[in-house]
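Have a look at the structure below, then the notes.
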Amino acid sequence: MLDDGLVTVPSSYSVDDTISRFEAALQAKGVTLFAKIDHGAGAVEAGMTLRPTFLLIFGNARAGTPLMQANQRIGIDLPLKALVWQDADEKVWLTYNDPAWLAARHRLGGAVAEAVAALEKGLATLAQDAAS
């Protein structure tokens, strides 16, 4: 499902298992996991509640640098991110930014179309590996 530049896929697993599977897929592809942010823990610290919501920040300089060479401002959207979250019905989802949408947002043009297509395919595979 594509929604304003976001790709959201259903997961067949719990939040923790989806995250573990995503991390394993990253490692298998040689992609660095830079950070994992627990938004729910942040909510608790603020005296609030939030269903499980984790942001994973990851990337690979070989994949991202050509995009920044085309337009350094895409660095605001890199490294890439994936959100693993649970809805009110306890269904787990994985959401990420569509690389083609990011490329259009930053007007990268055709010179990096091959790199963008590779990122699209790579992210779809990571999401599939984590959620199915």
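Conditions tested, residue by residue: (1) more than 18 Å from the chain's Cα centre (by Cα); (2) under 18 Å from ALA131 (Cα atoms); (3) not hydroxyl-bearing (Ser, Thr, Tyr).
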| position | (1), (2), (3) |
| --- | --- |
| ASP4 | no, no, yes |
| GLY30 | no, no, yes |
| ALA43 | yes, no, yes |
| LEU50 | yes, no, yes |
| THR53 | no, yes, no |
| PHE58 | no, yes, yes |
| ALA103 | no, no, yes |
| ALA111 | yes, no, yes |
| ALA118 | no, no, yes |
Residues of the stretch 97-118 that turn out to be without any contact (Cβ under 8 Å) to a residue 40 or more places away in the chain, in a helix (DSSP H, G or I) and small (Gly, Ala, Ser), as a count: 6
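Taking the conditions exactly as written (among the polar types (S, T, N, Q), closer than 22 Å to ILE19 by Cβ, at pLDDT 95 or above and touching a Gly at 6+ places or on another chain (Cβ under 6 Å)), does THR49 satisfy them or not?
On the way: among the polar types (S, T, N, Q): yes; closer than 22 Å to ILE19 by Cβ: yes; at pLDDT 95 or above: yes; touching a Gly at 6+ places or on another chain (Cβ under 6 Å): no.
When the stated conditions are applied, THR49 does not pass them.
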How many residues, within the stretch 79-102, are crowded, with 18+ Cβ neighbours inside 10 Å and touching a Gly at 6+ places or on another chain (Cβ under 8 Å)? 5
Pull out all pairs, ordered by first then second residue, where Cβ-Cβ is under 8 Å, the residues are six or more apart or on different chains, the first lies in the stretch 74-96 and is within 17 Å of SER132 (Cβ to Cβ), and the second is acidic (Asp, Glu) and at pLDDT 95 or above. TRP93/ASP87
Please work out which residue is nearest to LEU123 (Cα to Cα), limiting yourself to the stretch 1-49 and to residues that are assigned to a loop (DSSP other than H, G, I, E, B) and in contact with a strand residue (DSSP E or B) (Cβ under 9 Å, 6 or more places away or on another chain). VAL31
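The values are calculated or read from the model by the stated rules, or taken from the named source; none is laboratory data. Predicted model only: the values in this text are computed from it and were never measured. Backbone-built Cβ (ideal geometry, glycine too); neighbour counts: all protein chains shown.
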